[in-house]
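K.L.:
Here's a structure for you.
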Amino acid sequence: MKQRIALWIAGLWTLIGLSGCLEVEQVITLKKDGSGTITEEVVMGAQIVAMLEGLPAGAGADNPFADLDNVEKYKAKAAEYGKGVTYSRMEKIERNGGKGVKVTYVFEDINNVVLTPGSAMDDFNEEEKEAKEAGAVKDDPLKFAYAGGVLTVTVPEPAEKEGESAEEEAGVLELNQDDPAMQAMMAQMLKGMKISTKLVTVAGIQKADATYVKDNTVTFMLMDFDEIMKNPNGLKTLQKLEGAKRAEVAEALKGVKGVKVETKKEIRIKLK
């Protein structure tokens, strides 16, 4: 995931001056004929919303909430999901005092779809947005090949970091995580934060060799910070994922609750 985890936390640290939750979910829903939808759901907690609603909007303003319901942004973003993927609709969400949006894209052939797990978080990090605008090299995405009711997903090798370490680039991780007071503060500020990327099959799953399969759903990536922060070394575990190889990632995740990352190079999912 090429430094995404550290950068996400760094970007959020600058935004979240108050406790509150942020939930980001990407879901690919696949039909038996190979068509389907991609949904991005972003919901900010009540305290974050209250803070961000008071910040200025417009050019140069550091307020992602002000741009959250920008339909034109999502129409332009559709192309990032692959050839033939188009914007369908945006729905506003209000949940437990929080606000957000659910954006739906449609595709006719999943063979043309590409998706980077967690990419819906990029709008919350200025470095990611600037790199995208500058045409910087992107992380390799998941790639899909579907034929005869079998979906093959190719998972890219985690990219190595060049230059500064991910911890140095994301200053938040330089904080003393061994300090109990710091642990408590970070746990409160990251409370309720959850990031996930999943595949849901409408027909159901007959057989799959993915690491994380339940019913008709395959999870490619999950970060549940409530569970992660219950572990005193939770964030340190995430640091081990930066630039690590498949085997190293798999080893680091053993016994760690709240984190799921698909580490197999290729997985196959046979639909019912």
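The values are calculated or read from the model by the stated rules, or taken from the named source; none is laboratory data. Since this is a predicted model, take the numbers as computed values, not measurements. For neighbour counting, all protein chains shown are included, and Cβ atoms are generated from backbone atoms with ideal geometry for every residue, glycine included.
K.L.:
Among the numbered criteria (1) modelled with pLDDT under 90; (2) in a helix (DSSP H, G or I), which one does Asn111 miss?
P.N.:
Here Asn111 clears every test but (1).
K.L.:
I would also like to ask the following. Can you confirm whether Ala134 is surrounded by 14 or more Cβ atoms within 10 Å (Cβ to Cβ) and modelled with pLDDT under 95?
P.N.:
no
K.L.:
Please find, within segment 87-104, the residue that is modelled with the lowest pLDDT out of those that are surrounded by 13 or more Cβ atoms within 10 Å (Cβ to Cβ) and over 17 Å from Val27 (Cβ atoms).
P.N.:
Out of the qualifying residues, it is Gly98.
K.L.:
Something else about it: In segment 56-86, which residue that is crowded, with 18+ Cβ neighbours inside 10 Å and in a loop (DSSP other than H, G, I, E, B) is modelled with the highest pLDDT?
P.N.:
Val85
K.L.:
Tell me the helices (runs of 4 or more DSSP H) entirely within segment 209-263 that contain at least 3 residues that are modelled with pLDDT under 75 and either crowded, with 16+ Cβ neighbours inside 10 Å or under 18 Å from the mean Cα position of the chain (by Cα) (or both).
P.N.:
By residue number, 234-241, 246-253.
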